[in-house]
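To start, the structure itself, in structure tokens.
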Amino acid sequence: MVEVGEGSGSKPSEEIWAKLVPLDSRYSDIEIRSDEFIICSEIRSSSIEKHDWCKISRNSDLCSATMLNKSSNTVLVDEAVVQNGDDIVIKCGSKIFPGPDTAGYLGYRFEVMPSQEICNKQLIKISVDIEHAKCSICLNIWHDVVTVAPCLHNFCNGCFSEWLKRSQEKHSSVLCPQCRAVVQFVGRNHFLRNIEEDILEADSSLKRSDEEVALLDSYALIQSNLVVRSGKKLRRKRAYSPLDEESDGIDLPCPQCGTELGGFHCNQNTIHLQCHACGGMMPSRTDISVPQHCVGCDRAFCGAYWQAQRLTRSDFHPVCSRETFKPISDHTISRIPDAVHDKNRHEQDITQRCIIQMGRTLQDVISEWIAKLNNREIDRTRMPLNHAEMITSGTHVCNDCYDKLVSFLLYWFRISVPKYLLPPDASKREDCWYGYSCRTQHHSDEHARRRNHVCRPTRGTNM
């Protein structure tokens, strides 16, 4: 005789917040969705009998629950005996047997599923020393924080940009303002920027005035990783020879360091950008209109720059193809990207069938919605790209950001399609309460198929 459990009292569309995981892997997990959940048991012998076993209620800390014994038997929880009508607090990892001993009863392990709400409560406990989040140049909380290497000290983008410019005018090397180490690289630090924003949200007295922020932003020059060259030469251990000149040429960061191209030649103070696609170098230039950064992600790409310099290949330096970085209007697409509809393959299939049923191609649809974007007919709030308000059909973006833009546009395409134009099986589905923010769609294929997730949330923190 083996006693096994099953759940009742919740809807499939509700989010799973905990599970009872059988200690015998031949049996299925019991998913707990509602804040109060009744567990029924089956006694499997010559016949099958069902009765209420226990009620599990979610506690306010979101990390534990209270279990009420509703069966006629005593229940074992972490070897503690729980009588009929008594309750006990259970935590993640608690072992539960629906009977007076472990023999003849299927045991379960209680597991709490991770959620954003729980993570946020735990993160509140993490403290940050405000003094460690200050720029040593202006002595205020970082603004658009950048990190220099190899010493890894952090500064405001505007503050360090001014320091960098003045250092290059007066010195052969750029030194860290805090420790005086020679700076070789500098780049924006998106992780620390999140911390910076959380600190200012927690204590508004630390915020700068709008005028001061605007001034700092006007000084900021660093958009992606910069390679900072030193003007100092390494001390030689042998006499100079003509071969040195030839070998020095091979170590030059970019093609314009050794040769003048398009009327430009790098000097010893030229800052270089490292291309995210090919890893090659190009000079960081503000005197030209050729884009060197993807507006969607702020990463550097060299394809457009070297094409403008009429350099298509180099024997000594990596050079990107134009295909890696070009205007949105020049991109083409023939298949739905994997990230569309939060990687929900059922929703992707519905969108694909809908486009075919309307007698159109994916490229037609995207071109139409790019035109709507240009005309500002679309709310850009959820656009997953940086500088969303600046983006037009002529904006240069990388392939990753183009796929993200396609995902965003296909969401708007889908919600604009009347139900009668959807495939019959899709038009009959009810909307998921959590819409595009639903996490259950990622681990429950049945839920992903049965509910529509291309809709706004009506429950949860993302309403």
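The values are calculated or read from the model by the stated rules, or taken from the named source; none is laboratory data. Note that the structure is a prediction, hence the values are computed from the model and not measured. Reconstructed Cβ throughout: ideal geometry from the backbone, glycine too, with neighbour counts over all protein chains shown. Please note that ligands, DNA and RNA were not included when accessible areas were found on the heavy atoms of the full protein model with its side chains. Shrake-Rupley method; radii C 1.70, N 1.55, O 1.52, S 1.80 Å.
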Original post:
Long-range amide H contacts for GLY280: which residues qualify at under 5 Å (H placed 1.01 Å from N, peptide plane, sequence gap of 5 or more or a different chain)?
Top reply: CYS275
Subject >> q = 0.24 Å⁻¹: log10 I(q)/I(0) that the Debye formula gives for region 146-231, counting C-alpha atoms only >> reply: -1.23
Original post:
Which parts of region 330-373 would a label at HIS190 reach, counting a residue when its backbone N lies under 20 Å from a point 7 Å out along Cα-to-Cβ?
Top reply: 337-343
Subject >> Where trypsin sites (Lys or Arg not before Pro) fall in DSSP loop in region 324-425, at most 10 other Cβ within 10 Å >> reply: ARG335, ARG376
**OP:** Please report, to one decimal in angstroms, the Kirkwood hydrodynamic radius of region 267-351 built from all distinct Cα-Cα pairs.
**Re:** 15.0
Subject >> Within the accessible area of the chain (1.4 Å probe), percent carbon and sulfur >> reply: 49
Original post:
Dividing the alpha-carbon radius of gyration of region 348-450 by 2.2 N^0.38 Å (N being the number of residues), what value is obtained?
Top reply: 1.16
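Pairs LYS404/LYS428; LYS134/LYS165; LYS70/LYS91; LYS165/LYS326; LYS165/LYS207; LYS134/LYS404: which are spaced more than 23 Å apart, C-alpha to C-alpha?
From LYS404/LYS428; LYS134/LYS165; LYS70/LYS91; LYS165/LYS326; LYS165/LYS207; LYS134/LYS404, over 23 Å: LYS404/LYS428; LYS165/LYS326; LYS165/LYS207; LYS134/LYS404.
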**OP:** Positive end of the charge dipole of the chain (Lys, Arg +1 and Asp, Glu -1 on Cβ, about the Cα centre): tell me which of ASN154, PRO253, SER167 has its Cα farthest that way.
**Re:** PRO253
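Quick one: of the DSSP bridges fully inside the chain, what percent are antiparallel, nearest 5?
95
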Subject >> Amide H contacts under 5 Å for ILE90, placed H, 5+ residues apart >> reply: ALA65, THR66, MET67
Original post:
Whole-Hz Karplus ³J(HN,Hα) for region 28-38, in order, using 6.51 cos²θ - 1.76 cosθ + 1.60 and θ = phi - 60°, x for Gly and Pro?
Top reply: 8, 5, 9, 8, 9, 10, 8, 5, 10, 9, 8
Subject >> Accessible-area ranking of THR66, THR102, THR270, largest first, probe 1.4 Å >> reply: THR102, THR66, THR270
**OP:** For region 74-80, take each phi angle, set θ = phi - 60°, evaluate the Karplus expression 6.51 cos²θ - 1.76 cosθ + 1.60, and give the result in whole Hz per residue in order, putting x for glycine and proline.
**Re:** 6, 10, 9, 10, 6, 6, 8
Original post:
How far is it, in nm, from the label point at HIS51 to the one at PHE264 when both lie 7 Å from their Cα along the line to the Cβ?
Top reply: 8.2
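For the chain, what does -39500 (n - 2.57) per DSSP helix run (n ≥ 4), summed and divided by total residues, give at 222 nm, in deg cm²/dmol to the nearest 500?
Calculated from helices alone, the mean residue ellipticity at 222 nm is -7500 deg cm²/dmol.
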Subject >> Rg to Rh, two decimals, where the chain supplies the alpha carbon set and Rh follows Kirkwood >> reply: 1.10
Subject >> Alpha carbon centroid spacing (whole Å) that separates region 55-118 from region 311-388 >> reply: 49
